[in-house]
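This report refers to the structure that appears directly beneath it.
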Amino acid sequence: MEDVSIIEWILLGAFVLLLVLLIALRAAISGLEAQLVRMQKSLDERLVQPSSENTSSEKSGAFEQFLAEDPTRLVLSKTEQFSAYRKWRKENGMNWSA
């Protein structure tokens with residue numbers, strides 16, 4: 001009968017240990033969830049804020065217009081495109097100051 005009592009205490013201890021581990025695991029998961037929510041909010045805020053590239057549409061708009069006027073300019077290398085773009089801006093009386 002004494003052996004049954006020892007086994008019961010061992011099982012009870014194992015159960016309590018398992019319960020404590022489950023509570024600790026749940027706390028860790030909650031912390032990770034909160035961190036993921038903060039990261040998602042931060043990412044959403046960055047995506048909503050206009051970047052400097054998006055606000056300078058005048059410069060990219062002129063380059064897009066330059067490319068749209070002659071589709072063969074798209075197959076040129078970047079160096080040749082920019083050289084032709086500078087020439088095109090000069091011919092159209094555009095300057096580089098904003």
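The values are calculated or read from the model by the stated rules, or taken from the named source; none is laboratory data. Only a predicted model underlies this, so the values are computations on that prediction, with no experimental measurement involved. Glycine also receives a Cβ, built like all others from the backbone with ideal geometry; neighbour counts cover every protein chain displayed.
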| task | Would you mind stating whether LYS78 is surrounded by fewer than 10 Cβ atoms within 10 Å (Cβ to Cβ), out of contact with any His (no Cβ under 8 Å at 6 or more places or on another chain) and either modelled with pLDDT of 85 or more or of a type in the set (A, V, I, L, M) (or both)? | result | yes
| Is it true that some residue in the stretch 54-74 is modelled with pLDDT of 90 or more and surrounded by 10 or more Cβ atoms within 10 Å (Cβ to Cβ)? | no
